[in-house]
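Step one of this worksheet: look at the structure below.
The values are calculated or read from the model by the stated rules, or taken from the named source; none is laboratory data. Computed from a predicted structure; not experimentally measured. Here the Cβ positions follow ideal geometry from the backbone for every residue, glycine too, while neighbour counts run over all protein chains shown. The protein model used for the area step is the full one, side chains on, heavy atoms only, and it has no ligands, DNA or RNA in it. Shrake-Rupley method; radii C 1.70, N 1.55, O 1.52, S 1.80 Å.
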Number of protein chains: 2
Amino acid sequence: MLTYIAHWLEKRYDLTPDRTAIQLKDRTKITFRQLRKDSIEMAERLKGIGISSYDHVALLSKNSYEMVTIIHALTYLQATVVLLNTRLTSKELLFQYENSESCFLIFQDDLKGKGEEIEKQHADEMFCFSTVNQQEQVSFSIPAEIALDDTFTIIYTSGTTGFPKGVQLTYGNHYWSASSSALNLGLYENDRWLAMVPLFHVSGLSILVRSLLYGMPVHLHESFHVEDAQREIMEEGVTIVSVVSVMLEQLMADLHEKSYPETLRCMLLGGGPAPKPLLESCKEKNIPVFQSYGMTETSSQIITLSSQDALKKLGSAGKPLFPAQLRIEQENGINQPYEVGEILVKGPMVTKGYFKREDANEKSFDQDWLKTGDLGYLDEEGYLYVVDRRKDLIISGGENVYPAEIESVLKEIEGVQDAGVVGIEDDKWGQVPVAFVVRRENQSVTSGRILEHIQTQLASYKMPKRIYFVKSLPRNASKKLLRTTLLEWTKGIHNYDED
Amino acid sequence: MLTYIAHWLEKRYDLTPDRTAIQLKDRTKITFRQLRKDSIEMAERLKGIGISSYDHVALLSKNSYEMVTIIHALTYLQATVVLLNTRLTSKELLFQYENSESCFLIFQDDLKGKGEEIEKQHADEMFCFSTVNQQEQVSFSIPAEIALDDTFTIIYTSGTTGFPKGVQLTYGNHYWSASSSALNLGLYENDRWLAMVPLFHVSGLSILVRSLLYGMPVHLHESFHVEDAQREIMEEGVTIVSVVSVMLEQLMADLHEKSYPETLRCMLLGGGPAPKPLLESCKEKNIPVFQSYGMTETSSQIITLSSQDALKKLGSAGKPLFPAQLRIEQENGINQPYEVGEILVKGPMVTKGYFKREDANEKSFDQDWLKTGDLGYLDEEGYLYVVDRRKDLIISGGENVYPAEIESVLKEIEGVQDAGVVGIEDDKWGQVPVAFVVRRENQSVTSGRILEHIQTQLASYKMPKRIYFVKSLPRNASKKLLRTTLLEWTKGIHNYDED
């Protein structure tokens, strides 16, 4: 099978140069012609700082037009972009930078502080946007094609082991993801997609790719603000919005008695299971919510509830996009309807694996099937219901928070003997982490001391909202932490021995 | 890259079982659930007659629901379908049957006579529909997947050498073709595609594949009738119609002062260049004609004029579909705008090659670029204008007629020394072939004798509309026939020596 296709921005420029590619918050419109020109000029400057084919280039930026041109520039240079989460700590960023074998860090000027740890060891590899913009342009031969099997992006996802893993996504993965999404959502001439989710997440990045394939404007904002989102929907003709539950809740709360215009045809809801009351109130207001299920490893949504089923299957994540596959599996084989098991997915949008993590790849794949670690069941018509977004995973404001990662930081603290973390319900963020800590004998470590330490190690959204000091943690015979018991403790179902 | 996807009919059945897959002329509606059931039962009967994986199975049928179920049944059995043109003679069919290494011929009952030559040598491999329907069902394990690299169809196309070649198209070729078409035409929830073109041509077959990917009803007719087409557009909500010029002309002639409803959003015009007056009158009547360029080798359209350009680029075939590529080439390199050269195309919808025709494959490909043999040029914005649909090729009512093929039959006739064929304009068919014949000395072969012979060898649309007897044919130094001179003779620009 042919594995080269026309370079996607070149192709889109050839087809519809004068169509809007990006519309910014201030209503500035950038055509595909301009986007291509700016991206090629950016590529020439990046070439100037020494970036070559197959280099891994880390990018640390909040959503901005400049960020978009850098992402496209790297495709022209045939380099791989490592997208860094701006909410991570300097130490976390250093881990991802080194683990991904990046040889350049391009960062937004005001994020310089985040690069502190990287700077200690790789100062000469760091370039802020304004430095890049002053760089002399070095011309290069514009590639006519991209190879579907080349790695376009590496995005880190924390594993349950606590070590973030770099998810490699090829151009082919992204291409299939975008075309599969169109087969489900349809493709209308007036489509405009609102991107208020971060481009460093696959949820945001995938919107950029769809824009190229569809010739569709992306309304790009630095971040989510409820008034801006309402304006985009009410006045700017946005037809599709990518949201997570916490965003949708704020929109609903702000909507009051108003309703959305008919131009809005899809609220694509990702980032974990949504509270049923929210879905029901959207249903009452005729808001077209499409629940979906996906992850970095699947190039965004791989299972989506299509429009004709949105109302009759409330709470379901839907069915796998054409031509992806889904199965639910327990140790004893494939499940019957309503039996909960692990969710496995397969399809051309699924990652070929984690970067240099053969251990994780062996664990995560059964031939070409990705073992998501998430639990779910199918109803008798084959619709997926996600029971638990990964065993133990906490989703806080759309961000994945892995208990094991926080636990390992807690255990670094002198005076802490053991630690267990679980997520509790939170009105604002959906979930927040709380920690159970066992102190070492005769050591008087305080909450303040613990939080102080975590602050230097982890992003603020990973900070436990409460710390319980206990005499011991519930563990099974093989010493595995029983998080279900911790959850019962938080709910007062069972008591624990306070320390 | 992953090369297995969910079996496309299984997948579509899973997604939208109750949506209409096929609507027949009598308004009968068949859901995807029913289509799947009927196709699997058909597969069980075909299994019963002995068809196994990777068998080549020839299918001779006019458009019918039964034909559709057989095509899908063969995908369940993982066999390759060889689609035979019902307009061919018995001898032509024998050639294709044997050349494709088919081991079964499934034919519509009333086409028995067409199988006469095949029957002489392969009687036990022939099964008419009613025999198949009486066959006992043999159950088999329904494949969950299809391999993108497996050959789905073989469709014969005549070459300029006169020997038809079997174009192999994989599932991947067809998949990309359908998804690329959607990226250009868009994908609307109310889409319904009218198929009055033959399913044994790639133009018709590709509509079936789109139906699976899009979950879209196909309005299937045995053949083109102007009143039926008008009814489908006016009353049945058809949004897209595949047409060739001769069909479009009849529709226009019949439309008079009426206009089409807004539901009709695309007349996809293929099968050769269209007369400009026709395009202009469509423009006047606001009929959304999308000119396109493609061939069996490209799984149908590969270059299409998109809606926003349809009016400003009248006469152009447009730009290559996302993510295909196009270049115009002469011997001295790539061309400048408006310079005519050979059209080369590349993309994942392009055939991997002709079946067991290494000679032709070597000639037809420059790495992964298909040398179409057609002539065209690009304007300064990169829009393709096809100058000559293959040098010498005659397109008559949407069917390809290759002069060399007719010439070789003419030369078989005792008393014929030399023959040359060219196409002339025809009000009804667009083009029709005419023949120049040089008689052997002292032999008195007549037009009647010649036509009688051709009738037994070639489809009726290949029959020369006129035979000129001449003393000699114009040939260049290397004895190559100068067809441009023949064309001048037909127009009376130069005179020839009548015999």
Exercise for the section: Shortest first and in nm with one decimal, please list how far the A:Glu235 label point sits from its counterparts in the other copies (point 7 Å along Cα→Cβ). Expected result: 4.9
Exercise for the section: Sticking with the crude label model, points 7 Å out along Cα→Cβ, report the distance from A:Asp427 to B:Thr263 in nm, one decimal please. Expected result: 5.1
Practice task
Mind giving me the FRET efficiency for B:Ser223 and A:Lys276? R0 is 56 Å, r the Cβ-Cβ distance, nearest 0.05 is fine.
Solution key: 0.55
Problem - R0 of 30 Å, Cβ-Cβ distance B:Asn361-B:Ser460: FRET efficiency to nearest 0.05 - result: 0.45
Exercise for the section: For B:Glu498 and B:Tyr65, calculate 0.36 nm times their separation in residues minus their Cα-Cα distance, and state this gained length in nm to one decimal. Expected result: 150.7 nm
Handout entry: Interface residues in the stretch B:299-313 - accessible area drops by 40 Å² or more relative to the isolated chain, probe 1.4 Å
Key = B:Gln308
Handout entry: Rg ratio (alpha-carbon, reference 2.2 N^0.38 Å) - the protein assembly as shown
Key = 1.06
Problem - chain B - Rg (one decimal) and Dmax (whole number), Cα, Å - result: 22.8, 72
Problem - DSSP-defined beta bridges in chain B - what % are antiparallel, rounded to 5 - result: 60
Problem - Contact order normalised by residue count of chain B, Cα under 8 Å, 6+ apart, percent - result: 12
Practice task
Quote to one decimal, in nm, the extra length available between B:Glu380 and B:Lys285 on full extension: 0.36 nm per residue of separation minus the C-alpha distance between them.
Solution key: 31.4 nm
Problem - Rg/Rh for the stretch A:394-491, where both radii come from Cα atoms and Rh is the Kirkwood radius - result: 0.95
Completion exercise
Taking the alpha-carbon centre of each part, the distance from the stretch B:255-325 to the stretch A:401-460 in Å is 64
Problem - Teacher prompt: B:Gln367 distances to equivalent labels in other copies, 7 Å Cα→Cβ, nm - result: 3.4
Exercise for the section: Extending each Cα 7 Å along its Cβ direction at A:Asp149 and B:Glu41, get the distance between those two points in nm, one decimal. Expected result: 4.4
Completion exercise
Shape call for the stretch A:288-367, from the Cα gyration tensor axes a ≥ b ≥ c (a/c under 1.5 means rounded, otherwise prolate when a/b beats b/c, else oblate), comes out oblate
Exercise for the section: Have a look at the stretch B:1-48 and report residues whose accessible surface goes down by 30 Å² or more when the remaining protein chains are included, against the chain on its own, probe 1.4 Å, ligands and DNA/RNA excluded. Expected result: B:Met1, B:Leu2, B:Ile5, B:Ala6, B:Lys11, B:Asp14, B:Leu15
Practice task
Could you tell me the total accessible area buried at the A-B interface, probe 1.4 Å, in square angstrom to the nearest hundred?
Solution key: 3900
Problem - Reachable lysines from B:Lys29, criterion Cα separation under 30 angstrom, eight or more residues apart if same chain - result: A:Lys312, A:Lys313, A:Lys319, B:Lys11, B:Lys37, B:Lys47, B:Lys62, B:Lys112, B:Lys258
Problem - Interface residues, the stretch B:175-219 - accessible area loss of 20 Å² or more versus chain alone, probe 1.4 Å - result: B:Tyr175, B:Trp176, B:Ser179, B:Leu183, B:Leu187, B:Tyr188, B:Glu189, B:Leu213
Practice task
Give the long-range amide H neighbours of A:Gly373: residues separated by 5 or more places, or on another chain, with amide H under 5 Å away, using H modelled in the peptide plane at 1.01 Å from N.
Solution key: A:Ile343
Exercise for the section: Could you run the Karplus curve 6.51 cos²θ - 1.76 cosθ + 1.60 with θ = phi - 60° over the stretch B:361-370 and give me ³J(HN,Hα) per residue in whole Hz, x for Gly and Pro? Expected result: 5, 5, 6, 8, 10, 10, 6, 8, 8, 8
Exercise for the section: Give me the percent of DSSP beta bridges within the protein assembly as shown that run antiparallel, rounded to the nearest 5. Expected result: 60
Handout entry: Two-site FRET efficiency, A:Gln134 against A:Lys29, from Cβ-Cβ distance with R₀ of 22 Å, rounded to 0.05
Key = 0.25
